[in-house]
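Presented below is the structure to which this report refers.
Read the figures in this text as sums done on the coordinates, not as results from a lab. Bear in mind that the values here come from a model prediction, so they are computed numbers and not experimental data. Every residue, glycine among them, receives a Cβ derived from its backbone with ideal geometry; neighbour counts consider all protein chains shown.
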Amino acid sequence: MTGTHVVISIIIAYLLGAIPFGYWIGKFIYHKDLLTLGSGNIGTTNTFRILGKIPGTVVFVLDILKGTAAASMAYVWGPLPTSQHYWVLIIGVVAVIGHTFSFWLNFKGGKGVATSLGILLAYSPTLFVWSFCFFVFGLLISSMVSVASILGFLMSSILFWVIDDTILATVCSILMLFVVYLHRSNIQRIIHGTENTIKFGLPYWIKK
């Protein structure tokens, strides 16, 4: 990739990441403003909570795919040498920044979990499946999306260090810290036992 390719890819990645699917679907289809309802977040969890399962699933898939599309910009300019595969991750991270700080929403946005998964889908579909399974495992044992998100990043980072993909492990660890910071209010609610739960997982089933 040339310098020009990198600059163009980064700009497009930000624009793709900044697309606020949750907000637009809520605003224009359901006439509800996700920024003022529930947690005030435009991501999958709040979409599920405010709009329902179908729009929540749609937003989850679209947020993943925009991360994949953005990260795939690294492949647009021609075959990418193995030694430069890291560009998929770097360009993909820009999409996460776009999702979190969308210019469409005065630089507000979501927490970047689904979009981060999308990067991994472009980088390695096999590792994407592993990370998705870690996320589902987190939901299973906690019934909390916030716990599943943080645990998914933690387990993925450990896996990437174990398989000796240093660059991927480093990027994942940095994103994990970023996601933990964005979930700081959720962590406070977890500590005080007031965090929202979903209708899935062992805690929910046991309580029910």
Note on region 126-208: alpha-carbon gyration tensor, axes a ≥ b ≥ c; rule is a/c under 1.5 for rounded, else prolate if a/b larger than b/c, else oblate; result oblate
For region 19-75 versus region 79-154, the gap between their alpha-carbon centres in whole angstrom: 14 Å
Would you mind computing, in nm to one decimal, how far apart the modelled labels at L202 and V162 are, each placed 7 Å from Cα along Cα→Cβ? 1.9 nm
By count of other Cβ within 10 Å, fewest leading, how are D63, D164, D33 ordered? D164, D33, D63
Quick one: of K66/K111; K53/K207; K111/K207, which pairs are farther than 18 Å apart, Cα to Cα? K53/K207; K111/K207
Most exposed first, judged by fewest Cβ atoms within 10 angstrom, M144, M155 run M155, M144
Listing F137, F21, F178 from the residue with the fewest other Cβ atoms within 10 Å to the one with the most, what is the order? F137, F178, F21
Distance in nm between F107 and V129 label points, each 7 Å along Cα→Cβ, equals 4.1 nm
Please work out how much length the chain gains when fully extended from W77 to T170, using 0.36 nm per residue of separation minus the C-alpha to C-alpha distance, in nm with one decimal. 31.0 nm
